[in-house]
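Okay, structure first, notes after.
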Amino acid sequence: MKIAVVILNWNGKQLLEQFLPAMLKYSEGEADIYVADNNSPDDSVAFVKQQFPTVKIIQNSENGGYAKGYNDALKHIDADIYALVNSDIEVTENWLKPIIAEFESSKDTVAIQPKILDFKDKSKFEYAGAGGGFIDFYGYPYCRGRLFSDVEEDKGQYNDNTGIFWASGACFFIRKEVYHQLNGFDEDFFAHYEEIDLCWRIKNEGYTIKYIGTSTVYHVGGATLNQANPKKTYLNFRNSLLSILKNVPKQYLIVVLLLRFILDGFAGIKFLTELRPGHTWAIVRAHFNFYGNIPKFLKKRRNTVNKSINYYQCKSIVWQHFALKRKTFSEID
């Protein structure tokens, strides 16, 4: 089975210098390593060519964000499995072996993520993916090991291999034929939530997505756009609504969207009470952009097979977490 590890880079020379050595040490011989550069203004490409000559370089003509960046780069890569890895990921010894074994043993498994821990505090799970992703009825994502901003300590509770709803884009494995069958990431998303949208489409086709807890990576997180940036809030809220419009089964669509509008309004009020008006304005802008995109995304919806009626793991993670004060995944019902 041919594996291609593809690291999307934009202006990330320092991250490549920091994390490529471990990637090469623990991956060479099992995978080809690529850096896909999104037209970086720094000298990161020249640096990689000089310092890491075994790493293959793909140079995109523009910075199309995560979605278009990978869509453009993967056209030039021949592999059975794409491993899409953020430039701020530190891999560990034998990180690939259990994932390759799962792909080889299960034809229905088409996407996988490893355990993702926090590089800055390796005893804790990391926000972007943690122990595998799920979604609630209203389209709010959460993870085993992370509910909103509450992150669990890693005590071995998620060392299992199990089915999940979405795999983190920070370290995302997918079979090549399924990636291209589904036309890859939605480029209208630019960045954030595009992996959840792709996983939703994977689930709608009846395929399986797995979390492999015997493979571990460490993620810095927020190296490109951190949680305090209103642009991140804008992209997350807008792209979440667009993904709902594309993927929620028709019998649920109207009620989910109406209730999401209300819940997003409460989120905006919460940001105001926390003296973060920039994030409130980001939610307002996200909604207006969503309204303008409704005709376009209704056309995309027609190409989506909505088979996964029971897509959600709980009815409302907002209610479970904020009203019932449940802080860990094991408390959710």
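Computed values, structure above
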read-out: Residue under evaluation GLY292, criteria (1) surrounded by fewer than 16 Cβ atoms within 10 Å (Cβ to Cβ); (2) farther than 20 Å from ASP197 by Cβ, criterion not met; value: (2)
read-out: Region 166-181: number of residues that are more than 9 Å from the chain's Cα centre (by Cα) and crowded, with 21+ Cβ neighbours inside 10 Å; value: 4
read-out: Tally of residues being on the phi > 0 side of the Ramachandran plot and either in contact with a Leu (Cβ under 8 Å, 6 or more places away or on another chain) or crowded, with 20+ Cβ neighbours inside 10 Å (or both) across region 138-165; value: 2
read-out: LEU241, sole failed condition from (1) modelled with pLDDT of 95 or more; (2) touching a Ser or Thr at 6+ places or on another chain (Cβ under 9 Å); value: (2)
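Each row is one residue, and each column tells you yes or no for (1) surrounded by fewer than 22 Cβ atoms within 10 Å (Cβ to Cβ); (2) under 20 Å from the mean Cα position of the chain (by Cα).
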| position | (1), (2) |
| --- | --- |
| VAL6 | no, yes |
| LEU15 | yes, yes |
| TYR34 | no, yes |
| ASN60 | yes, no |
| ALA79 | yes, no |
| ILE99 | no, yes |
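The values are calculated or read from the model by the stated rules, or taken from the named source; none is laboratory data. Fair warning: this is a prediction, and the values are worked out from it, not measured in the lab. Glycine gets a Cβ as well: all are built from the backbone with ideal geometry, and neighbour counts include every protein chain shown.
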